[in-house]
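The next block holds one structure in the form of structure tokens; read it before the comments.
The values are calculated or read from the model by the stated rules, or taken from the named source; none is laboratory data. These figures come from a predicted structure and were not determined experimentally. Neighbour counts are summed over all protein chains in view; Cβ atoms, including those assigned to glycine, are modelled from backbone coordinates with ideal geometry. Accessible surface areas use protein heavy atoms only, side chains included; no ligands, DNA or RNA. Shrake-Rupley method; radii C 1.70, N 1.55, O 1.52, S 1.80 Å.
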Amino acid sequence: MRIISSAAAMQKFALQWKSAGVKIGFVPTMGYLHTGHLSLVRTARKRVGPKGKVVVSIYVNPTQFAPTEDLSKYPRDLKRDLKLCREAGVDIVFTPGDAEMYPGKAEGNYSTYVVEENLGRVMEGASRPTHFRGVTTVVAKLFNIVLPDVSVFGQKDFQQAAIIQRMTRDLNFPVKIIIAPTLRERDGLAMSSRNKYLMGDLRRQATVLWCALQIAKWLVEKSKSVSAADLKADLKKLIEIEPDAKLDYVEFFNPETLLPMAQVKRGTHMALAVFVGKTRLIDNAKL
Ligand code: PAF
């Protein structure tokens, strides 16, 4: 396994592979890898086959964090990440620094961003207005550096995956986007690097996201169609029974357009974001 931090060197490998007809599978990450990431790596490997190459990027992308968010505290453990990648059969781990990804930014002369203008306005985009601009910019740059044939994203970040798919289509990136299912802990909590912050009873309280999804599913199965406004109010009450849980949003929407639905039925998608203590967790499911 090679570890590369220069964008030019990474691109050179990718170009050599491409000209030799070797398929490239890519998993972009912010590191602090867990079983969920490793399942994305396995999906990438399956897609490109034993002769293909799998690249994982590890980069905590500053442009997707607002000044008030947890950039400096974001968990990092490169040594452990590299060990996990080696064991998972990754060919290259791309670990760029900020100067490599945003040349000139420290001097105030980095000036190109990629903005998706529709799907990114709601939910995460409404709560974190600059977040998706950072995500689309870094993913577009990584696609240009790694030149993947396929790239795998987790369904846990449902809106992110939808926006990446839209960007890929709109900007003609020759990349197939694969959305892999969310992996969960035994009690239903979606795997996430941020779960590390959940100390003591907060870890138990965090299962409230999974409970909210299950209750919504059950209600929709029982009543065929439920008012979104009523369901939102009930779920807020349920979630905030936990002493440290505060609902940021819960939305019911069409999974293609992400447009909100006034009536919730089977097949409607639900997404929610909840602060558990200071940690903001997200989850989603088809009802
Ligand atoms: O999902 C993530 O970890 C990040 O948003 C991504 C796609 C690696 C971009 O920084």
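A few notes on this one:
- Listed by position, the strands (runs of 3 or more DSSP E) inside region 204-276 whose residues that are open to solvent by 60 Å² or more (accessible area, probe 1.4 Å) number at least 1 are 245-253, 263-265, 269-276.
- Within region 42-62, considering residues that are touching a residue at least 60 places away in the same chain (Cβ under 8 Å) and either closer than 21 Å to Tyr102 by Cβ or open to solvent by 10 Å² or more (accessible area, probe 1.4 Å) (or both), the one nearest to the ligand (Cβ to nearest atom): Asn61
- Check on Thr35, within 15 Å of the ligand (Cβ to nearest atom), open to solvent by 20 Å² or more (accessible area, probe 1.4 Å) and out of contact with any strand residue (DSSP E or B) (no Cβ under 9 Å at 6 or more places or on another chain): yes
- Some residue of region 22-35 being closer than 25 Å to Ala180 by Cα, touching a Ser or Thr at 6+ places or on another chain (Cβ under 9 Å), modelled with pLDDT of 95 or more and part of a helix (DSSP H, G or I): no
- Count - residues of region 162-176 that are more than 26 Å from Arg280 (Cα to Cα), open to solvent by less than 50 Å² (accessible area, probe 1.4 Å) and of a type outside the set (Phe, Trp, Tyr): 2
- Long-range neighbours under 7 Å by Cβ, at least six apart or interchain, first residue more than 16 Å from the ligand (Cβ to nearest atom) within region 18-29, second assigned to a strand (DSSP E or B) and open to solvent by 30 Å² or more (accessible area, probe 1.4 Å): Val22/Lys53; Ile24/Lys53
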